[in-house]
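The values are calculated or read from the model by the stated rules, or taken from the named source; none is laboratory data. Quantities reported herein were computed from a predicted structural model and do not represent experimental measurements. FYI the Cβ positions are ideal-geometry reconstructions off the backbone, even for glycines, and counts take in every protein chain you see. For accessibility, only protein heavy atoms count, side chains too; no ligands or nucleic acids. Shrake-Rupley method; radii C 1.70, N 1.55, O 1.52, S 1.80 Å.
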Amino acid sequence: MNNKEDRKSLTELEDGQTAVIVSVQGGKILTKRLADLGITSGTVVKVIRKTLFSGPVQVEVASSRLVLGWGLASKILTELK
């Protein structure tokens, strides 16, 4: 098991990095919305591309590509694979 220091939000990952989602820090509505998109604890996620200056983050989850806003991506906690 990794230490808490190894955990990073999606916004802290580099392009091309793959990680496992540990948790989503948000309320019931947010976590349900993300779960509907396939973003749940234990799911593998890959950062495709981040834009500069707090722009959207493009990720791949379960062979689907999604674009998440910076604020939303910052609430998704991961551990590097």
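Does the stretch 48-67 include one or more residues that are assigned to a helix (DSSP H, G or I) and exposed (fewer than 14 other Cβ atoms within 10 Å of the Cβ)?
No, the stretch 48-67 has no match at all.
Residues in the stretch 31-43 that are at negative phi and open to solvent by less than 60 Å² (accessible area, probe 1.4 Å): how many?
Selection size over the stretch 31-43: 6.
Every residue in the stretch 12-30 that is assigned to a helix (DSSP H, G or I) and either open to solvent by 50 Å² or more (accessible area, probe 1.4 Å) or at pLDDT 95 or above (or both), please. Please lay out each step first, then the result.
Looking only at the stretch 12-30, we keep the residues that are assigned to a helix (DSSP H, G or I), and these are 12, 28-30.
Glu12, Lys28, Ile29, listed by residue number.
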